[in-house]
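Notes to accompany the following structure.
Readers should treat all values here as calculations from the given coordinates under stated rules, not as data from a laboratory. The model shown is predicted, which means the values in this text are computed figures rather than measured ones. Ideal geometry is used to build each Cβ from the backbone, glycine not excepted, and the neighbour counts take in all protein chains shown.
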Amino acid sequence: MRIGIDVGGTKIELLALGPSGSELYRERIPTPRDSYGAIVSAIAGLVKRAEAALGEHGTVGLAIPGILSPKTGLVKNANSTLLIGQPLDQDLGAALNRPIRAANDANCFALSEATDGAAASQGIVFGIIAGTGVGGGICVGGRVLTGAHAICGEWGHNPLPWPKLEELPGAGCYCGKTGCIETWCSGPALSSRFEAKTGRKLRPTEIAAAADTGDAVAVLVMDRFLDRFARAIATIVNILDPDVIVIGGGLSNIAALYTGLPKRVERYAFNPEAQTIIVKNRHGDSSGVRGAAWLWTEDEREDGLPR
């Protein structure tokens, strides 16, 4: 049995999977806000309740909204600030008396979709989470690539490729740089550009729907958004040449990402022989927690735990 846990800023979700990926148990609780120790205790309590209900122990994987620093072993870049600077995997491992694996939630998303999701059995998978931000994760041969600095796949903080004069220098990003892909291709970026032209506040999916009905401004804003998204993805194709790109997050519900984007990517990428396959995720909001469970593979055993 594999147990996955998605640790977010507002909720913690546990999912236990059987050997074939079938769902055995699921529970969600609010993320404690009073102390780091309370978060560790809450996660441990979730695991113990799940194992008591199922009558067996399992491996435990964590999806976190940040990374574990390879240098220090401590959490950084997490939106749940109580986790920052803490050895979450070690402390939870001590509480549960077993090794714990942790990965960035975008990496877990990619792993979930590459294992039994929309990109199952594909060799190279790039997972995009596009919503309030723009993140990514890479799986090769069913394994997550982390990298020397644990930032593999963080394409959202590359500059927008082939910028036009009106796109320079670009908006400031929270990372301290300007013109990052995230400042152009995120949900808030799409909404703010539409509002700047119309004075109307619409969600990204509403802007896409307005474009589908012929709203001239929405058509223009969506056209520019897709062009920028295509330029950004083309650089991934040039470097990684993925078999499949899977999109998750709030923007994944925009149909144009699958109908109009591939042709645009082909236009910008270096001499592709066919359109890059871009698909919507299969597991939706469950991809993160499922990917956390899949951090342990079938052929691994630790401390006598069942496969």
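Observations, loosely collected:
- Farthest toward positive dipole pole in the chain [+1 Lys/Arg, -1 Asp/Glu at C-beta], among Leu226, Thr259, Ala63: Leu226
- Sequence of Ser41, Ser286 once ranked by neighbouring C-beta atoms within 10 Å, starting from the fewest: Ser41, Ser286
- Along the chain, counting only chymotrypsin sites (Phe, Trp or Tyr not before Pro) with a DSSP assignment other than H, G, I, E or B and at most 13 other Cβ atoms inside a 10 Å radius, the longest segment between sites is 1-173.
- Counting only whole DSSP H helices of the chain, the ones at least 27 Å long by C-alpha along their axis and with mean Kyte-Doolittle hydropathy no lower than 0.0 are 36-54, 216-240.
- Formal net charge of residues neighbouring Lys201 (Cβ-Cβ distance under 15 Å; K, R +1; D, E -1): +1
- Debye, to nearest 20: dipole size of the stretch 97-205, +1 on Lys, Arg Cβ, -1 on Asp, Glu Cβ: 220 debye
- Within-10-Å neighbourhood charge of Ala230 [Cβ basis; K, R +1; D, E -1]: +3
- The GluC sites (Glu not before Pro) of the stretch 250-302 that meet both conditions, a loop assignment by DSSP and at most 15 other Cβ atoms within 10 Å of the site Cβ, are Glu273, Glu298, Glu300, Glu302.
- Considering only the Cα atoms of the stretch 2-108, their convex hull presents on average a projected area of 6.3 nm².
- Within straight-line cross-link reach of Lys263, lysines at Cα separation under 24 Å, skipping those fewer than 8 residues along the same chain: Lys164, Lys280
- Cα lying deepest toward the dipole's positive end in the stretch 2-108, options Ile43, Pro30, Pro87, charges on Cβ: Pro87
- Take the Cβ atoms of Ala171 and Ser41, set R0 to 51 Å, and the FRET efficiency comes out at 0.80.
- For Arg228, Arg282, the sequence from fewest to most other C-beta atoms within 10 Å is Arg282, Arg228.
- Share antiparallel - DSSP beta bridges, the stretch 119-281, percent rounded to 5: 60 percent
- Burial ordering of Leu220, Leu46, fewest other beta-carbon atoms within 10 Å first: Leu220, Leu46
- Modelled this way, with points 7 Å down the Cα-to-C-beta line, the labels at Gln90 and Lys71 are 1.6 nm from one another.
- Two-decimal ratio, the stretch 25-64, of alpha-carbon radius of gyration to 2.2 N^0.38 Å: 1.22
- Over 32 Å [Cα-Cα, the chain], rounded percent: 29 percent
- Distance in nm between pseudo-label sites at Thr198 and Gln275 (7 Å out along the Cβ direction from Cα): 2.6 nm
- The magnitude of the dipole of the stretch 153-307, with charges of +1 and -1 set on the Cβ of Lys/Arg and Asp/Glu and taken from the Cα centre, is near 620 debye.
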